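Take a look at the structure set out below.
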Amino acid sequence: MSTRTEKIDALAKKAGHIGDDPGVSLTAAAWRRLRRNPVFLTGGVIVMAFVVLAILSPFIAPHDPAVPMLGDQVIKARNQIPPSQPGHPLGGDQVGRDLLSRLLVGSQQTLLVGVLATLIGLTGGLVLGTLAGALGGWVDTVVMRAVDIMLSIPGLLLAVSIGALFARPNIYTLIVAVATVQIPVFARLLRGTMLAQRHSDHVLAARALGVKPRAIVFRHMLPNSLGPVIVQSTLVLAISIIEAAGLSFLGLGNPDDRTPEWGQMLGTAQNVIDSHPQLAFWPAGCIIVVALGFTLMGESLREALDPKSRR
Amino acid sequence: MLRYTVRRLLQLVIVVGVLSLLLFAWLRSLPGGPVSALLGERATAATRARLTEELGLDQPIYVQYWKFLTRAASGDFGVSTGVQPGDSAMEIFLQRFPATLELSFLAIVIAIAVGIPLGYLAARRRGGLLDNMSIVGSLIGVAVPVFFFAFVLKQVFAVDLGWFPTAGRQTGGIDATRVTGFFILDGIITQEWDAAWDAIVHLILPAIALSSIPFSVIFRITRASVLDVLDEDFVRTAESKGLTTPVIRRRHVLRNAMLPVVTTIGLQTGALLAGAVLTEKVFAFPGIGQALAIGFERRDYPVLLLLIICAAGVFVLVNLLVDVSYALIDPRIRTMGGAR
Amino acid sequence: MALLEVRDLSVVFQRKGEEPFAAVDGVSFDVAPGQTVGLVGESGCGKSVTSMAIMGLLPKRGNKVTGSVKFEDTELLTLSDRQMRDRRGRDLGMVFQDPLSSLNPVIPIGLQVTEVLERHRDMSRKKAMVEAADLLNKVGIPDPRRRLTEYPHQLSGGMRQRALIAIALACKPRLLIADEPTTALDVTIQAQILALLADLVRDTDTALIMITHDLGVVAGLCDEVNVLYAGRVVERGSRHDLFAVPRHPYTHGLLASIPRLDAPKGERLSPIRGSVMDNIPWTSGCAFAPRCPNATDVCVEVTPTMESDPVGARNSERLLRCHNPVAQEVPA
């Protein structure tokens, strides 16, 4: 009898039935899948490179991005801009500053714009959405109507209107304008997840056990909303950078361009785009690659965290 | 059905009402105050005084709001100070609105004509080369700022290759008769074929640039929707009946997959308007977008005020139409309360 | 001559990065014209996949089908997609489990019936509509003309399943496959649908393959029954023989686990211990061995083959795949 039982166990093990994974948490399982996902890896590499660049750029940039060292090569009347030359592989910009250095250091401001706008949007949306979703009732109705109204104005126009309120635009007005557009997006997302959880079994169980409402919100509901929030944040980061570029193009951006920022560089390059397209091409290329990186990460994260995913 | 529409219309009214309040507050918060904003720097003291009285700035705030509303209702948004100085804001709007409408319409048509078939094919051959390339393409479409894409199009096809004009809506030399303000339509109505063709040629590049925004979204939603429908049981039933692939595709897959896509198309109109601001600037296309761009640059608040109200109004209206049409398309909603 | 001959049918699923899995592992059975054959087994035993393989409805990628499926002497597995499409609906019909999700929600019922008629019998829309009304009437749907323009969500569950049966039988196929047609329905409706199926196939002399996990369904309907376990047929016999003299321990266990009204009060239920997941590969012995009360050492060493079983044969041929079948006394 025992040899047969042992044999059965051995055969079953060979067939892969015994010794299966013990249960893994949703996030651990998702992370395992992500690690092997080429889309996620590509996006992740781009984002990491971007962040590293932003941190290290002041040290690795060959020249000071604010100094117009090639100024004597700029002849406005004849529309000449310093070309590529030894020591300046990308040439200079309209004022004579080294383009490569400006590009490298520009990653800092661009990252700042993206991160700050996303954080502000996220915080604002978090507060509004949590209030609406957790409290429900008339608070929910009022907040969501307000959100709907904000969403009824196309994003760029809303950002432009807010930018117009400031007499003197600078980088922070730009960030605020972009961030404000993202607040309703996060608010709606958070409210959705909170609402879905309010009626879920685990919240019901917590309430039955007498857990205080504030603890329920912070320790049970918010952590479960983390997944979609992270996904949305990566996407919003990409969107913020692009919207900021659009606003700079329209003239809202920081007029002081000694500190370079890619969107702003792209905006000012429009004047000379016919004769010197490279001034627009380089910052645009950087924006596109970075935005793509965040978007790839966000999309693969979304698919990994979706329990109904097709894999 | 009727109750539903009425309820949505009421919501529309409320939203417009709140929007007007917000805009009123916005106007009052502009740097320099509403009078400076509306008249610009160079107005005389007399004009200022007159406007101050018109706006009721010396009176309680609810009176101001009332005057704001009545002025708006009568179409008086003041005179442009930057975009087309001297013209009334309403006139500028009426002139430019058909242009942007033509442009947006063509952009959406392009986005649908390319996005939906591509989305279907990508879903059918999931994981194949077409699928992966299209997904990457749509992601790039989102990552590329639309004004940069417009630049590139202009540079390559208009400047370098000379296939298309670089700017404007109609070539200066052509003397076209205006009927509706929609140049293509006018050309057809008056049988001035060269004028109509000229207008089309001017629209193509900006429309392609503008379509990149809705295209990405329409493609992705179509693909996701078709993938969902392909897994449905009723598609398996259709296959078990031995129906031909074209019939299954048309009657079973697409008819069900298109429901969420239609909603998305409606939502894209908002993004289109934002994109139009940037695209029209690049192509110097005399539409509302260009007016907004210039208006913002030169702080032309009368024009900005009117255009923003219109943009929001159009967007809300389109969403209402989409909601209602969804109810018409999906028989489950249409026959609410059917016999069971 | 058999209408349908299935020989050694195997379906192996292979997903990226996973072990290949044989959902169907060498299934053979016949269906005679006008006969009702049952495929019985627990979820996961491969009965649905078998039917999908016969109909050619498995996805194009991710699986490998081997063996032979001969319908009226034509090998189905080697037919092209177009050739198979011609046969589906016309010669072979299928009814699925969930009637609501099996119907297209956005087109009227009438159209879903007429499209089969238009496709295979080249009928005009007008004539097809008349025929459709007649079909709906035959399956017992009241006021059929009105139903033609209604949508699936406007019908009750029982009516939807009747409509699906009408659709499957519209072109008078010689073979109908019903995959758990009553599982998603209320118990009272179940009986009606089964009775309907029995009447229809008898009136039209259609062969029926009935796929189910419910022995009650089998008992009332099938002429011959195949019991499946882990992708293979383990026992076959006529309905009467199988229920009177179950020989395979699995079949015996299934029958013994049914609660009975006449059991003494307080008597415990006797389920089969373990679950479907507790199996060993057929190549190493008998897949049922880990759960089998009769298992001996030979069961984990030698793969049992399908053999003729004279002990269990009362008034039909019996086939059995077992080293240690249930001992049987001759019933009184």
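The values are calculated or read from the model by the stated rules, or taken from the named source; none is laboratory data. In this text, all values refer to a predicted model and were calculated from it rather than measured experimentally. Cβ atoms come from the backbone with ideal geometry, glycine included; neighbour counts cover every protein chain shown.
In table form, for the structure just shown:
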read-out	value
Residues of the range A:73-95 that turn out to be surrounded by 17 or more Cβ atoms within 10 Å (Cβ to Cβ) and over 17 Å from A:SER57 (Cα atoms), as a count	8
Sole exception among (1) outside any helix (DSSP H, G or I); (2) out of contact with any helix residue (DSSP H, G or I) (no Cβ under 8 Å at 6 or more places or on another chain) for A:ASP274, by number	(2)
C:PRO310 vs. criteria touching a Ser or Thr at 6+ places or on another chain (Cβ under 6 Å), of a type outside the set (S, T, N, Q) and either surrounded by 11 or more Cβ atoms within 10 Å (Cβ to Cβ) or part of a loop (DSSP other than H, G, I, E, B) (or both)	no
Number of positions in the range B:26-41 that are within 11 Å of chain A (Cβ to nearest Cβ), at pLDDT below 75 and in a loop (DSSP other than H, G, I, E, B)	2
Odd one out for C:PRO105 among (1) in contact (Cβ under 8 Å) with a residue 60 or more places away in the chain; (2) in contact with a Lys or Arg (Cβ under 9 Å, 6 or more places away or on another chain); (3) over 16 Å from C:ALA168 (Cβ atoms)	(1)
Residue list for the range C:270-285, restricted to those being part of a loop (DSSP other than H, G, I, E, B), hydrophobic (A, V, I, L, M, F, W, C), surrounded by 15 or more Cβ atoms within 10 Å (Cβ to Cβ) and under 23 Å from the mean Cα position of the chain (by Cα)	C:ILE272, C:VAL276
Filter pass, C:THR303 being over 24 Å from the mean Cα position of the chain (by Cα) and not in a loop (DSSP other than H, G, I, E, B)	no
The lone exception for A:MET265 - which of (1) at pLDDT below 80; (2) within 14 Å of chain B (Cβ to nearest Cβ); (3) not in a loop (DSSP other than H, G, I, E, B) it fails	(1)
Test: residue in the range C:28-50 that is in contact (Cβ under 8 Å) with a residue 24 or more places away in the chain and over 22 Å from C:VAL95 (Cβ atoms)	yes
Pairs, first among the aromatic types (Phe, Trp, Tyr) in the range C:1-19, second assigned to a strand (DSSP E or B) and surrounded by 13 or more Cβ atoms within 10 Å (Cβ to Cβ), C-beta under 6 Å, six or more apart	C:PHE13/C:PHE21; C:PHE13/C:ALA23; C:PHE13/C:ASN63
Selection count where residues are more than 9 Å from chain B (Cβ to nearest Cβ) and surrounded by fewer than 24 Cβ atoms within 10 Å (Cβ to Cβ), scope the range C:151-161	4
Checking B:HIS202 against (1) away from every other protein chain (no Cβ under 13 Å); (2) out of contact with any Lys or Arg (no Cβ under 9 Å at 6 or more places or on another chain); (3) surrounded by 22 or more Cβ atoms within 10 Å (Cβ to Cβ), the condition it does not meet	(2)
Selection status of C:LEU319, of a type in the set (A, V, I, L, M) and touching a Ser or Thr at 6+ places or on another chain (Cβ under 9 Å)	yes
Top-ranked residue in the range A:165-180 [being of a type outside the set (S, T, N, Q) and in contact (Cβ under 8 Å) with a residue 24 or more places away in the chain; ranked as farthest from B:ARG298 (Cα to Cα)]	A:ALA179
Residue pairs meeting the criteria (Cβ under 8 Å; at least 6 apart or on separate chains; first more than 14 Å from chain A (Cβ to nearest Cβ), in the range C:293-310; second among the hydrophobic types (A, V, I, L, M, F, W, C) and assigned to a helix (DSSP H, G or I))	none
Test: residue in the range A:27-34 that is modelled with pLDDT of 75 or more and under 30 Å from A:TRP262 (Cβ atoms)	yes
Residue within the range A:47-68 that is exposed (fewer than 13 other Cβ atoms within 10 Å of the Cβ), at pLDDT 70 or above and closer than 29 Å to C:ALA22 by Cβ present	no
Boolean, B:VAL83 is within 14 Å of another protein chain (Cβ to nearest Cβ) and touching a residue at least 40 places away in the same chain (Cβ under 8 Å)	yes
Residue match in the range B:42-61 (condition: modelled with pLDDT of 75 or more, assigned to a loop (DSSP other than H, G, I, E, B), surrounded by 12 or more Cβ atoms within 10 Å (Cβ to Cβ) and within 14 Å of another protein chain (Cβ to nearest Cβ))	no
Residue in the range A:268-281 that is of a type in the set (A, V, I, L, M), within 28 Å of A:ARG168 (Cα to Cα), within 14 Å of chain B (Cβ to nearest Cβ) and under 22 Å from the mean Cα position of the chain (by Cα) present	no
Residues within the range C:183-198 that are modelled with pLDDT under 90 and either closer than 21 Å to C:GLY34 by Cα or in a helix (DSSP H, G or I) (or both), tallied	5
Conditions (1) part of a loop (DSSP other than H, G, I, E, B); (2) within 13 Å of chain B (Cβ to nearest Cβ); (3) over 14 Å from the mean Cα position of the chain (by Cα); (4) touching a residue at least 60 places away in the same chain (Cβ under 8 Å); number of the one not met by C:ALA168	(1)
Check on B:ALA238, under 26 Å from B:LEU118 (Cα atoms) and either of a type in the set (A, V, I, L, M, F, W, C) or out of contact with any strand residue (DSSP E or B) (no Cβ under 7 Å at 6 or more places or on another chain) (or both)	yes
Count of residues meeting criterion [more than 9 Å from chain B (Cβ to nearest Cβ) and either within 16 Å of B:ALA150 (Cα to Cα) or modelled with pLDDT of 80 or more (or both)] in the range A:244-262	7
Spans of helices (runs of 4 or more DSSP H) in the range B:225-340 with at least 2 residues within 14 Å of chain C (Cβ to nearest Cβ), surrounded by fewer than 19 Cβ atoms within 10 Å (Cβ to Cβ) and over 19 Å from the mean Cα position of the chain (by Cα)	B:233-240, B:255-283, B:301-329, B:331-334
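Residue-wise test of (1) β-branched (Val, Ile, Thr); (2) in contact with a Cys (Cβ under 7 Å, 6 or more places away or on another chain); (3) at pLDDT below 85.
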{"residue": "C:ASP297", "(1), (2), (3)": "no, no, no"}
{"residue": "C:MET306", "(1), (2), (3)": "no, no, no"}
{"residue": "C:ALA313", "(1), (2), (3)": "no, no, yes"}
{"residue": "C:ARG318", "(1), (2), (3)": "no, no, no"}
{"residue": "C:ALA327", "(1), (2), (3)": "no, no, yes"}
{"residue": "C:VAL330", "(1), (2), (3)": "yes, no, yes"}
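Here is a yes/no grid of residues against (1) of a type in the set (Gly, Ala, Ser); (2) assigned to a loop (DSSP other than H, G, I, E, B); (3) within 21 Å of C:TRP282 (Cβ to Cβ):
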residue: C:VAL6; (1), (2), (3): no, no, yes
residue: C:LYS16; (1), (2), (3): no, yes, no
residue: C:GLU19; (1), (2), (3): no, yes, yes
residue: C:SER28; (1), (2), (3): yes, no, yes
residue: C:VAL65; (1), (2), (3): no, no, yes
